[in-house]
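Reviewing the structure listed below.
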Amino acid sequence: MTRPVPPHQSEPRPRRRDRHGRGMRGPLAPPQVPLSVSRAESFQDLVQDSAERLERRWPQLSAVDFAVLEVPGPAAPGDPDGWDGESVPLGRFLAARGDTPDRIVIYRRPVEIRAKTRDERALLVHEVVVEQVAELLGLAPELVDPRYGQD
């Protein structure tokens, strides 16, 4: 027992597998699968689909900016287009000012709260977009999209 124990190497060996021997864990779903799309991205897609559907019927909508915000913010003093703080809007039309084009904003969280399923959400998003486009064009929603209010 005169031999001392050699010192342990301080460099760790490279790990090729996890500790249970099953290999390194990969992504849960490939990027093309809807599982990897966030709720915000999915909502944005619904708004874009609705806007594109209406653009085919109303080509002047190609100059309109469609945007998604999480929730409506409070109105600035003297802002006639602002949110009054009473009822929560689902969308909003902002007329062009200076260099900024007409803008239609859809509020994601209020819409998601009111719709239980993806199909209900898609229908509600389209209805809100139609209502805001109707306000922009100065028409009734039924004239903007003949299927408005059906279902």
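The values are calculated or read from the model by the stated rules, or taken from the named source; none is laboratory data. All values derive from a computational prediction rather than experimental measurement. SASA here: full protein model, heavy atoms, side chains in, ligands and nucleic acids out. Shrake-Rupley method; radii C 1.70, N 1.55, O 1.52, S 1.80 Å.
Details
- Entry comment: accessible area of region 100-151 is 54 Å² per residue, from protein heavy atoms only and a probe of 1.4 Å.
- Tensor-based shape of region 109-151 (alpha-carbon gyration tensor, a/c under 1.5 rounded, otherwise prolate or oblate): oblate
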